[in-house]
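**Student:** This is the structure I want to talk about, given as structure tokens.
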Amino acid sequence: MKIGLEWYIALSALLFCIGVVGVLTRRNALIIFMSIELMLNAVNLAFVAFGRFLPNVDGQIFVFFVMAVAAAEVAVGLAIIVTIFRHKESVDIDQVNLMKW
Amino acid sequence: MEIVLFIITSLVALVSAILVVTQRKPVSSALFLVLAFFCLAVLYIMLGAEFIAVLQVIVYAGAIMVLFVFVVMLLNLRGKQSWDNTGSMRTLLGFGAAGLIMVITVPIIQSSVGASSALGLSEVREMQQLLDSGGELSPAQTAEIKKWLDNSDQENRIDATTPAQKLKVIEDYYLTMGSVETIGENLFKRFLLPFEVASVLLLAAIIGVVAMLKRKNTASTPQTEGGEE
């Protein structure tokens, strides 16, 4: 029995959903950020799997760019978290409610 | 054998992903995320993407997670934030959203069963063995080879005339699809503009981070202090 495309896509969907649960449920900004990285990696897996089974090399090229964007996003996001921490001494997102009505 | 490796790797990836989301301390979450990244790198190698697998380890596990651990260390959280303080409504909504996404994704998974090309690497190897043992390819297989070659963008397919040569072309494509040479060629020929734009993006990110984190010097300079005293 061969491992078809659907196995990889199912695994990618499950990882993505675990990331979604992490983003929506946790209150620690760092854990939320790590869940976002998990979602990005799930999408990378889907890209590479489609690139292998279609077959097309463009899937892997796009994963390259997703990784570059993720690296830039992590740097900027962590800078934002550190800046918020400097003001509030906490990374609890429930306390970042200055603009809440 | 491949199935065993896939099942073990995917189980470890799923379990460590769940542990990322449910741990109390951010350091534990970061370490389990590194484990998940390594599992994904193994999956990339199974999919023939060697360059992407190495990039995954170097960039994600080696740079991004190191940055995470640095920030966790800098913030020095005492583990105050715990899982229990999340309200049950929020947890329910979180799981509900994830369930909704899975419900939407199930038809995609089912429809992807027939989306893959019928001529994978193992089929090509089977046909090559068939030809080596002196057999002939069936008309359906010959038509599949023709369809594959017509849909691809292989420059050297004009030289391939016999079925054995055509199968060699297809096999070489599958074997070199994830190599550094192939990805480099595509990056610098077809995707040159996104490549340059990505470098500008990284520059903007670096400038943004430094601009955000640089503390303004409120204390007076040494010369002024000495003059006033």
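The values are calculated or read from the model by the stated rules, or taken from the named source; none is laboratory data. No experiment lies behind these values; they were computed from the predicted model shown. Every residue, glycine among them, receives a Cβ derived from its backbone with ideal geometry; neighbour counts consider all protein chains shown. Heads up: the accessible areas ignore ligands, DNA and RNA and are worked out on the full protein's heavy atoms, side chains in. Shrake-Rupley method; radii C 1.70, N 1.55, O 1.52, S 1.80 Å.
**Student:** As a quick test, which of the pairs A:K2/B:K25; B:K168/B:K189; A:K100/B:K216 have an alpha carbon distance above 32 angstrom in this structure?
**Tutor:** Over 32 Å apart, Cα to Cα: A:K2/B:K25.
**Student:** Which whole number gives the average count of other chain Cβ atoms within 10 Å of the Cβ atoms across peptide B:10-21?
**Tutor:** Mean number of neighbouring Cβ atoms from other chains: 5.
**Student:** Please give the helix B:163-176 orientation as an angle from the longest Cα principal axis of chain B, in degrees from 0 to 90, rounded to the nearest 10.
**Tutor:** Taking the Cα atoms of chain B, the angle to B:163-176 is about 10 degrees.
**Student:** Let me ask something else. Which order do peptides B:43-55, A:23-35, B:9-21, A:81-93 fall in by mean Cβ count within 10 Å, highest first?
**Tutor:** Packing proxy ranking, top to bottom: A:23-35, B:43-55, B:9-21, A:81-93.
**Student:** Still on this model: Between B:V27 and B:L74, what is the label-to-label distance in nm when each label sits 7 Å out along the Cα-to-Cβ direction?
**Tutor:** Using points 7 Å along Cα→Cβ, the separation is 1.8 nm.
**Student:** In whole percent, how big is the carbon plus sulfur part of the accessible area of chain B, probe 1.4 Å, protein atoms only?
**Tutor:** 66 percent
**Student:** Calculate the mean, over all residues of peptide A:75-88, of how many other protein chain Cβ atoms lie within 10 angstrom of the residue's Cβ.
**Tutor:** Average neighbour count from other chains, rounded to a whole number: 4.
**Student:** A follow-up question, please. Could you check the spin-label model distance between A:W101 and B:I206? Points 7 Å from the Cα along Cα→Cβ, value in nm.
**Tutor:** Using points 7 Å along Cα→Cβ, the separation is 4.3 nm.
**Student:** So, with +1 on the Cβ of K and R and -1 on the Cβ of D and E, and no other charges, what is the size of the charge dipole of region B:1-130 about its Cα centre, to the nearest 20 debye?
**Tutor:** Numbers: 6 positive and 5 negative charges, 151 e Å.
Roughly 720 debye for region B:1-130.
**Student:** Could I ask something else about it? Give me a single rounded figure for B:201-207: the average over its residues of other chain Cβ atoms within 10 Å of their Cβ. Don't skip to the end; give the middle numbers.
**Tutor:** Working: counts 6, 5, 1, 2, 10, 3, 0.
Counting Cβ atoms of other protein chains within 10 Å of each residue's Cβ and averaging gives 4.
**Student:** Short version: ³J(HN,Hα) in whole Hz for each residue of region B:110-122, in order, from phi by Karplus 6.51 cos²θ - 1.76 cosθ + 1.60 (θ = phi - 60°), x for Gly and Pro, what are they?
**Tutor:** Whole-Hz 3J(HN,Hα) from phi for region B:110-122: 5, 7, 7, 5, x, 7, 6, 5, 6, 10, x, 5, 5.
**Student:** Let me ask something else. Please turn the phi angles of region B:42-55 into ³J(HN,Hα) values with the Karplus equation 6.51 cos²θ - 1.76 cosθ + 1.60 (θ = phi - 60°), one per residue in order, whole Hz, x for glycine and proline.
**Tutor:** So the J values, rounded to whole Hz, are 4, 5, 5, 5, 5, 8, x, 9, 5, 5, 5, 5, 5, 4.
**Student:** Choose one of B:S117, B:S10, B:L92: the residue whose Cα lies farthest towards the positive end of the charge dipole of chain B (beta-carbon charges +1 Lys, Arg; -1 Asp, Glu; about the Cα centre).
**Tutor:** B:L92
**Student:** Compare B:M89, B:M73, B:M177 in a GNM of chain B, Cα atoms joined below 10 Å, and give the one with the largest fluctuation.
**Tutor:** Among B:M89, B:M73, B:M177, the largest GNM mean-square fluctuation belongs to B:M89.
**Student:** So how much accessible surface do A and B hide from each other in total, probe 1.4 Å, in square angstrom to the nearest 100?
**Tutor:** Counting both chains, the buried surface is close to 7200 Å².
**Student:** Return the carbon/sulfur percentage of the accessible area of chain A, one whole number, probe 1.4 Å, all protein chains in place.
**Tutor:** The C+S portion of the solvent-accessible surface of chain A is 71 percent.
**Student:** Then there is this: Work out, step by step, the length gained on full extension between B:L192 and B:N151: first 0.36 nm times the residue separation, then minus their alpha carbon distance; give nm to one decimal.
**Tutor:** On the way: separation 41, 0.36 × 41 = 14.76 nm, distance 2.33 nm.
In short, 12.4 nm is gained.
**Student:** Can you compute the charge dipole magnitude of chain A about its Cα centre, using +1 on each Lys and Arg Cβ and -1 on each Asp and Glu Cβ, nothing else charged? Give it in debye, rounded to the nearest 20.
**Tutor:** Computed about the Cα centre, the dipole is about 100 debye.
**Student:** Quick one: 3J(HN,Hα) in Hz for region B:56-66, Karplus 6.51/-1.76/1.60 with θ = phi - 60°, rounded, Gly and Pro as x.
**Tutor:** Along region B:56-66, the couplings run 4, 5, 6, 7, 6, 6, x, 10, 5, 6, 4 Hz.
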